[in-house]
1. So, residue 240, is that one surrounded by 17 or more Cβ atoms within 10 Å (Cβ to Cβ) and over 27 Å from the mean Cα position of the chain (by Cα) or not?
2. Would you confirm whether or not region 319-336 contains a residue that is farther than 30 Å from residue 34 by Cα and surrounded by fewer than 24 Cβ atoms within 10 Å (Cβ to Cβ)?
3. Name the residue that is nearest to residue 525 (Cα to Cα), counting only residues in region 71-100 that are of a type in the set (A, V, I, L, M) and surrounded by 24 or more Cβ atoms within 10 Å (Cβ to Cβ).
4. Please go through region 384-407 and give me each residue that is without any contact (Cβ under 8 Å) to a residue 40 or more places away in the chain and either within 18 Å of residue 489 (Cα to Cα) or in contact with a helix residue (DSSP H, G or I) (Cβ under 6 Å, 6 or more places away or on another chain) (or both), ordered by number.
5. Does residue 521 count as out of contact with any strand residue (DSSP E or B) (no Cβ under 7 Å at 6 or more places or on another chain) and of a type outside the set (Lys, Arg)?
6. Just need a number here: residues in region 397-452 that are within 30 Å of residue 383 (Cα to Cα), of a type in the set (Gly, Ala, Ser) and either more than 29 Å from the chain's Cα centre (by Cα) or surrounded by 17 or more Cβ atoms within 10 Å (Cβ to Cβ) (or both).
7. Looking at (1) in a loop (DSSP other than H, G, I, E, B); (2) farther than 30 Å from residue 128 by Cα, which is the only condition residue 197 fails?
8. From the set of residues in region 243-261 that are in contact with a Leu (Cβ under 9 Å, 6 or more places away or on another chain) and among the polar types (S, T, N, Q), which is surrounded by the fewest Cβ atoms within 10 Å (Cβ to Cβ)?
Amino acid sequence: MKSLSRYAAVLLACAAPVVSVFAQDTAPAVSQQVPAGAPKLIVAISIDQFSADIFAQYRQRFTGGFARLTQGAVFPAGFQSHAATETCPGHSTILTGNRPAHTGIIANSWIDQSVTTGPKVVYCAEDVAKRTAGSRDYVASPVHLLVPTLGEWMKKANPAARNIAVSGKDRGALMMGGHDIDQVYWWKGKQFVTLAGREPGPTAIAQNAEIDRLLAKGAGEFPLPAYCRRADRAVQAGDVSVGNGHFALKAGEAEQFRVSPRLDRATLDLAVKLVDEQKLGRNAVPDILSVSLSATDYVGHATGTEGAEMCIQLTQLDLALGDFFASLDKRGIDYAVVLTADHGGFDIPERLHEQGLEKTSRVGPEVSAEALSATLGKRYGLEPKGLILSDGPAGDYWLRKDLDVGLKGKIIDDASAILMTSPFVEKVLSAAEIAATPMPHGSPETWTLAERARASYNPLHSGDFVVMLKRGVVAIPQARKGYVATHGSPWDYDRRVPILFWRKGMTGFEQPSPVETVDIAPSLAALIGLKTPKGHLTDAASISMVARQTRVEHRSERVAG
C-alpha cells in the first residue's frame, strides 16, 4: 500500500500540460485538495472477455486505440485472481480495490432460498426486493455490491466530482459505477436504458434514435482484414456452424446488432456524448467515466475466440477506441486511461480438436445438480427435486436449506466423492474448507485452487460446495445458437487479463510480472491525490510495487486547444 503513491507519481511526472477549450467554465468548490498535475478525467475501460492471450495474439495487429495504450504502462499479466471468472465479479474488482470475497459479487448469479417471489436464482445486478409476481423482467441495481467504487470515493471527497458509467450490460456499468452514480446507461433490447425511476437524458435519447435508424435500414458486412483470413472457415459445434461470420446486419435485427462490433461503437459514441453533456473533465476536481465494452464477450460466447468473427471484432474495437481517444483529444481534456478486462475466455472444443488439442471437451451431464440430486436423494430417501441446486454445471452448489447440518455434511462428502469420479472434475471444495483457507497473498499465478476459491468466497452468497472442472473442460454440455463457448473457470486462460495505463506525455514501459486488477483502484486514487476510506482496500497488493522499479522519464508536451 505504501508504494501506491509512487505509481501515481509516475503518471503525474509523465503528465503533459493540457490547454482546455473549456477553461472558461466556472470551477466548483473543492472539498479535498487535488494535487497539481492530476488529470481532470479518469477513463476506466473494461473489455468483456478480453484475455491476456487474445491481447498477445493481436497486439502486433493493432493500429488504433490499443496501439496508443501500448505506448503507456503495459502489464500483460494482470489477474482477475479469483476462481469465479465471470462478468459481474470481474467488474466488481476493477474500481473497488477488493476481490469478490469482499465485494459480495461471487458470480453472475447465485441461489437464495429465502427469496419468496419468483425463482431462487438471484442475478448479481438485481434488486430482488422489487420483484413482482409473474414478471420476467427485473429491476437492475447495484444493491448487492458491498463496497464503494472509486467514483463513490471521489464524490465523497469532492461532491462536485461526476461519476458516469456506460456499458453494453447493466452489470458492467453498475459494478464499475456503484451506488452513488450521476448518470448510468446500458444496452437492453433495442436501446440504452438507465436505472428505474430515472429518465434518459437528451444525449441517450439522441443516441437511441441514431441506433433506431441503423436498425431500420440494416448494414452490410464488415471487411475481413487479410490477417483474419486464416480464421475464416466454418466449424461445426453440434448443430451450430461458426467461424466465418462477418456481421451483416439485417433490418430490425437488434440481436445481430448486440452480438457485433456495432454495440461497442455505439457505447463509445454515447460515452463521448456524455462527456459533453455532463461537462466531464472541465472542472477543478477530477471526474470519472467508466466504459464497459461488451461485444467481445457476446461474440466469444456466440462464436468462440478463434474464428473470423473475433478477428473482425478486435479489429473494429481497436478502430473504435482510436476514434474515442481522438474525440477526447479534440476536446482538450487532460485525461488518464486504464484499460483491462473482467475475465478471459476459451475457444470451442470442436475447433481446438482440429488443432490437435484433444484434452478439451464439453462437460458431461453427471456433473449437474439434477443428476446429483437424483442419486443422493435415492441414497438418503429424500425428495430429489431441489435437494441440490446450482446455476450451471460448475461453480457454487447449494443444499436444500431445511436439511440437518450433520446430514448436509454427509451429502457434501458423498457428492464430492461422486463428482471426483467424473473425468470432467478437477476439484470439489466444501464451504468449510474454503472459509478455513487464508486469504491468499503473493503472485496470483502461484495460488492453489483453494486460494482462488477463497478469493471468490463470501458467506452471504456463496454455496455449500464448489465444483471446479478440469483445465480445458467447457461448462456447456451442448452448443446452441448464441452460446457455444464460455469462461468462468479457475484456470489462467480465464484469469489472466491485460492492464494498460496511458496518459499523454508519459514514457512507456512494460512489466511482465503478475499483478491484480484490485491494484487498479488504489493506483488511480493515488494519482488524483484521493485519500481512500480506511479499511476498504484490504486486498490490494499494488501494481506500483512492480512499477516503481521502472524509471519513467518526464516528457513535457503541450496539447493545443
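1. Values: surrounded by 17 or more Cβ atoms within 10 Å (Cβ to Cβ): yes; over 27 Å from the mean Cα position of the chain (by Cα): no.
The answer is no for residue 240.
2. As a first pass, look at region 319-336 and keep what is farther than 30 Å from residue 34 by Cα: 319-320.
In the following step, the residues that additionally are surrounded by fewer than 24 Cβ atoms within 10 Å (Cβ to Cβ) were identified as 319-320.
The answer is yes, given that some residue of region 319-336 is farther than 30 Å from residue 34 by Cα and surrounded by fewer than 24 Cβ atoms within 10 Å (Cβ to Cβ).
3. Step one: filter region 71-100 for residues of a type in the set (A, V, I, L, M), giving 73-74, 77, 83-84, 94-95.
Next cut, surrounded by 24 or more Cβ atoms within 10 Å (Cβ to Cβ) only: 73, 83-84, 94-95.
Details: 73: 17, 83: 26, 84: 26, 94: 12, 95: 10 Å.
Per the stated criteria, the residue is 95.
4. The initial filter retains those residues of region 384-407 that are without any contact (Cβ under 8 Å) to a residue 40 or more places away in the chain, namely 384-388, 402-407.
Hits for region 384-407 are 384, 387, 388.
5. yes
6. The first filter runs over region 397-452 and keeps only residues within 30 Å of residue 383 (Cα to Cα), leaving 397-435.
Now narrow it down to the ones that are of a type in the set (Gly, Ala, Ser): 406, 409, 415-417, 422, 430-432, 435.
From what's left, either more than 29 Å from the chain's Cα centre (by Cα) or surrounded by 17 or more Cβ atoms within 10 Å (Cβ to Cβ) (or both): 406, 409, 415-417, 422, 430-431.
Total satisfying the criteria: 8.
7. Of the numbered conditions (1) in a loop (DSSP other than H, G, I, E, B); (2) farther than 30 Å from residue 128 by Cα, the odd one out for residue 197 is (2).
8. Residues of region 243-261 that are in contact with a Leu (Cβ under 9 Å, 6 or more places away or on another chain), as a first pass: 246, 249, 251-254, 256-257, 260-261.
Restricting the remaining residues to those that are among the polar types (S, T, N, Q) gives 256, 260.
On the way: 256: 18, 260: 26.
Per the criteria, the residue is 256.
The values are calculated or read from the model by the stated rules, or taken from the named source; none is laboratory data. In this text, all values refer to a predicted model and were calculated from it rather than measured experimentally. Every residue, glycine among them, receives a Cβ derived from its backbone with ideal geometry; neighbour counts consider all protein chains shown.
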